[in-house]
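Report on the structure given below.
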Amino acid sequence: MDSNITVLGVFVAVVFLAYNEAPFVKMTNAVCESYNKSWVAVHYCRLKAHSRNKTSLNINVTLSEPAFKIFVHIKLMKKANGYKPFLVDYNVDACEFMRRRNQPVAKIIWNLIKDVSTINHTCPYMGLQMLSDFHSIEVPVPLPSGEYLLLLDWIFDKKPQFATNVYFTFVEDFLNSHSKHGKKN
């Protein structure tokens, strides 16, 4: 009887591991735009494909003047007959955040990029700012599967200066959904 329970337990564990939901995130596009080219020069903003399921984001911008008062308008959109607002839409005082790390959504983004960016200090920001080879995305909150757009509008001295828009696909159950995404409906 004990051996039957052990075999059943091993079988359930194998099935659970084989069909466990594993979130999968893949960036599909990145668009950066400077609204004030005399202050912010975008040198490049592009994805690099490493494999079919892995891309990395590289952004290189130069700030020609110091930026002391920086706000970031963060907006998450989900595609459903066009991109619709989804869950997140608010402003973050970036200079305050870099001193205190007190905004939950900004902290999620910060934890993703802190090791691959040059924005790891407090204000002012000036000169070359980079995000290099950003590819490790672990979303710490549950999201429904779908296509998303993360809009980041960078506001210096109360004026929008540039935008960073990152498109990505989130698949909640990689094993089952991956085969569906390979087929065109």
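A few remarks follow.
- Sorting R52, R101 from the fewest to the most surrounding beta carbons within 10 angstrom yields R52, R101.
- Residue among M130, W110, P142 farthest towards the positive dipole end of the range 106-158, charges placed on Cβ: W110
- Net lengthening on full extension, Y44/K158 (0.36 nm per residue, minus Cα-Cα): 38.6 nm
- Fewest-first ranking of T118, T55, using other Cβ atoms within 10 Å as the exposure measure: T118, T55
- Ranked by the mean number of other Cβ atoms within 10 Å per residue, highest first, peptides 27-36, 80-89 order as 27-36, 80-89.
- For the cross-link pairs K54/K158; K107/K159; K48/K69; K79/K158; K37/K69; K79/K107, the ones whose C-alpha atoms lie over 27 Å apart are K54/K158; K48/K69; K79/K158.
Where a number appears in this text, it was derived from the coordinates with a stated rule and is not lab data. Remember, predicted model here, so these are calculated numbers, not experimental data. Note: ideal-geometry Cβ built from the backbone for every residue, glycine included; neighbour counts use all protein chains shown.
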